[in-house]
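The next block holds one structure in the form of structure tokens; read it before the comments.
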Amino acid sequence: MKQVALSILVACPCFASGLPERTETFDSQPAWTGVNNQPEYPPCLTVDQDFGYSPKTSFAGAAPGEIGGKIWRASSIAHYAKAISPKTFQDRLSASGTFAVTKSAGPSGFLFGWFHSANPPGWRNLNSLALRVDGEKGFYRVYCEYGTRIKRTSTININRKANVRHRDGGTVHNWSLTYDPDGNHGGGSIRFKLDADAWTLNLEPGHKLDGAVFDRFGLWNRQTEASSPLWVYLDDVVLDGVAQDFASDPGWLGTNNRRTYTDCEVEPRHNFGFRNSNLAGGAAAGEMGGILWRTESEAQHTAGYYADTQIGALNLNHKLSARGKLAMPRTCVDAGVYLGWFQTATYNSTTTDNMLAPRNFVGALVESPSREGQKLNACYRTGTGTYDLQDRSPRLVPPTGSLEWSIAYDPALPKDNLVVTVAGQQSVLTVPESVRMQKTTFDAFGMGTTRKGGHWLEIFFDDLTYTAAR
């Protein structure tokens, strides 16, 4: 019998390894490409913070003398506060008083309560426990919130169920805040009262152990984008059982509370790229980074990137690696940035609430759920849209200082083949074979903006080493 040899072809991926690496120390400005990373829109705003002791007004009390004034929502911190002996989540805290919002010009906000004088600007505030007022044109809403030492936060939205918003015009409200370290079965509990209503905000599990330190009590601005002012006045304040006398200047301390300046940190005015700074910890001055906004999903024109666009063609069958240093000196929650390999043709592809990275991406994504703060997550999205993100990831605990990070992707491994590491902690994700077979291409390595709606962060990278095709 004649034997016939059969040849069976099996479709299988051919994994490419041994690709060259590039190193960029940013000692001088590299020939990288920036797209919409430094737009000149929207226009800058003139911010004129003007709040503090107000000796002649009596909007919130019966007699002249109170604190308050015009307070702007802006990315730079401004506060007027009483210096206090340090308090923590182990101490009982109490405060009460009155406030009146006489005018709200648009998106605006302030907080009143305990905080730390060394808190970095950002949203939300670490080391804080306060009532919060968010303004809109003609109205405002009231909240109660706290932030731990490592920026894990929680808020009680007292407006949500009834959709309550208060009209500006000077209505006087009575409020009180009490914190009981033994409440919530020892986990810590906040009781907030506004006029005749009261709410309880229990600290989330583990948040009391995170700790917080407060050395100021007073008024500060919401630090998101420069937007609009709000006029607020507070009086009849009782702090830990001691009445605060505003009949004369109480001698509280002000920081940037009487200041006029030009603020260009307005949404969605990104400002990132090459910098002559040295925040990420490189050996010499020079790095990439700056401020990026997490803009609306449908706003493709707001997407931007800064990247090496001469790396050649790569895909998910290539073994990829990158490493370097990072620092994140200022940040808001609900903000992000991606770092890794992507396709310049799809950098502004449509995103959704559940898909923060553009099509044709693999690498790391910094993202910040409100209650957890920023995390460095392993993430990918194929050219056809398949997406995954490992949200059980290491947190970038503020203040970060300089942190070492790495990205390792090995398609030859059947599972756990995408590993993002920062400060020795890992975010691990599996890119399955079915995903690797989808059409996905990369022609750039760098950083770019995410889109879901939100706020800003300031982040820097240096001493980069990354895989290229040539």
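The values are calculated or read from the model by the stated rules, or taken from the named source; none is laboratory data. Computed from a predicted model, the values in this text were never measured in an experiment. Counting neighbours? That spans all protein chains shown, and the Cβs are built from the backbone with ideal geometry, glycine included. The area values use the complete protein model at the heavy-atom level, side chains included, leaving out ligands, DNA and RNA. Shrake-Rupley method; radii C 1.70, N 1.55, O 1.52, S 1.80 Å.
Computed values, structure above
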read-out	value
Cα centroid separation, the range 165-218 to the range 332-349 (Å)	36 Å
Neighbourhood net charge (10 Å Cβ-Cβ; Lys/Arg +1, Asp/Glu -1) for N184	-2
Cα gyration tensor shape of the range 221-346, rounded if a/c is under 1.5, else prolate or oblate by comparing a/b with b/c	prolate
For the chain: accessible area per residue (Å², 1.4 Å)	40 Å²
K82-Q300 FRET efficiency (beta carbon distance; Förster radius 35 Å; 0.05 resolution)	0.15
Length-normalised contact order for the chain - Cα pairs under 8 Å, 6+ apart - percent	21 percent
Relative packing of 279-292, 232-245, which averages over residues the other C-beta atoms within 10 Å, highest first	279-292, 232-245
Segment A247-D197, extension gain: residue separation times 0.36 nm, minus the distance between their alpha carbons	15.1 nm
Global geometry of the range 205-272, whether rounded, prolate or oblate, following the gyration tensor of its Cα atoms and the 1.5 cut on a/c	oblate
Helical contribution to [θ] at 222 nm, DSSP H n ≥ 4, -39,500 (n - 2.57), averaged over the chain, rounded to 500	0 deg cm²/dmol
Heavy-atom accessible surface of the chain: percent carbon and sulfur, 1.4 Å	50 percent
For the chain, size of Cβ-based charge dipole, Lys and Arg +1, Asp and Glu -1, in debye	740 debye
The range 17-170 pair-distance distribution - Cα-Cα, 10 Å bins, rounded %	8, 29, 30, 16, 10, 6, 2, 0
By average C-beta atoms within 10 angstrom, highest first, the peptides 223-229, 255-261	223-229, 255-261
For the range 434-470 versus the range 359-384, the gap between their alpha-carbon centres in whole angstrom	9 Å
Estimated translational D of the chain in µm²/s (Stokes, Kirkwood radius over Cα pairs; 20 °C; 1.002 mPa s)	90 µm²/s
Cα-based shape type of the range 108-210, given that a ≥ b ≥ c are square roots of the gyration tensor eigenvalues and the cut on a/c is 1.5	oblate
Aspartates and glutamates with Cα under 20 Å of K319, excluding same-chain neighbours fewer than 8 positions away	E21, E24, D308, D388, D410, D416, E433, D443
Cross-link pairs beyond the 29 Å C-alpha cut-off, checked among K208/K375; K82/K103; K137/K208	K137/K208
Proximal charge balance of F26 [Cβ under 13 Å; K/R count +1, D/E count -1]	-3
Order by protection proxy (mean Cβ within 10 Å, highest first), peptides 99-108, 190-199, 372-381	372-381, 99-108, 190-199
